[in-house]
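Novice: Right, I'll just put the structure down here and ask away after.
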Amino acid sequence: MKKSLLKYLIFTLCFFSAAGINAEEGLDIDMILLKLNKELKTLNKEILSLKDNNELLSEELRLNSEKITELFEIIELNSSKKEKIIKTTKTDSETKALKLFSDGKSSFVLEDYQKAIKLFSSYLDTFPNSINTEDSKLWLARSYFASGSSLRSKEKYQEFHANGNKDHPKFADSLYELSIALIDLKEFSGAKVLLSKMIDEYPDHALNPKANQLLEDL
C-alpha cells in the first residue's frame, strides 16, 4: 500500500505541476482527472483490503517486531564477541555451540527457515545439554511453523513443554504460539486448553488480549 500511496501522491503532485505549467498548451485535464480517479479507486480498494486483514497484519507486525528485537540482539552479540573472548577463555565446543545458535537465530530473522531448522537441529544433536539447548528447541519449533510445517512445529513445542520450562521467559509465548499451530492443524479443543492456561497463569502477559480474542473465536 505504501508504494501505491507514494505513486498516488507523486502522480497528484505531477498533475498539479503540469496543470500550472501547461495550461496554455491545451493539456487534457479530463484525461488526467480520469487517471487520477482510477489511481484513487485502486488506493481505496487496497485500504479496504487492509482493513479486512487487520488481524493478520497485527500478528505479522508482532512477529516482525520480535524479529527486529532478535536481530538487534544478534548484532549486539556479534559486536561484543571479541570483547567476551578476551575476558573469558571459551573451549572450542562452547564456541561452536554459540556460533550454531547465533547463526540459527540470524537465519530465522532473515526468513531462511530451512537453514534455521538445520542449524538448530544440529545444535540439539551436538549439544543436547548446553546453555542454549532449551532456547534452541523453542526456536526450532518456531522455524518449523514459519516454514509451513505445523505438525513438526507442534512436536517441537511439546518437547519444549515436556522439559518443565515454566520458568523460561518465553514459556507463555510458547503456549500462545503452540495454540496457533494447533488451530492450523484444526485441533481446536487442544488450542482452547492452551489459551485458557495461558490466560489464567499469565494474566498480565502482553499477548493476553490476542489469546482472549482467539479463544472467543474458537
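Novice: How do the peptides 127-134, 178-185, 164-171, 143-150 rank, highest first, by the average count of neighbouring beta carbon atoms within 10 Å per residue?
Specialist: For the peptides 127-134, 178-185, 164-171, 143-150, the packing ranking is 178-185, 143-150, 127-134, 164-171.
Novice: Under the classification rounded if a/c is under 1.5, otherwise prolate if a/b is larger than b/c and oblate if not, where does region 88-174 fall, given a ≥ b ≥ c as square roots of the Cα gyration tensor eigenvalues?
Specialist: Values: a/c = 1.98, a/b = 1.27, b/c = 1.57.
Cα axes put region 88-174 in the oblate bin.
Novice: Now for a separate question. At 0.36 nm per residue, minus the direct Cα-Cα distance, what do THR91 and THR133 gain on full extension? Give it in nm, one decimal, please. Could the numbers behind the result be given before it?
Specialist: Numbers: separation 42, 0.36 × 42 = 15.12 nm, distance 1.71 nm.
Length gained, THR91 through THR133: 13.4 nm.
Novice: Assign unit charges at the C-beta atoms only (+1 for Lys and Arg, -1 for Asp and Glu), then state the dipole size of region 108-218 relative to its Cα centre in Debye, rounded to the nearest 20.
Specialist: Dipole magnitude for region 108-218 comes out near 260 debye.
Novice: With a cut-off of 8 Å between alpha carbons and a minimum separation of six or more residues, what is the relative contact order of region 105-218 in percent?
Specialist: Answer for region 105-218 is 17 percent.
Novice: Multiply the residue separation of ASN165 and SER189 by 0.36 nm, subtract the distance between their alpha-carbon atoms, and state the gained length in nm to one decimal.
Specialist: 6.4 nm is the gain from fully extending ASN165 to SER189.
No lab work stands behind these numbers, since they all come straight from the coordinates. Note that this is a predicted model, so its numbers are computed, not measured. All Cβ positions, even for glycine, are placed from backbone atoms using ideal geometry, and neighbour counts span all protein chains on display.
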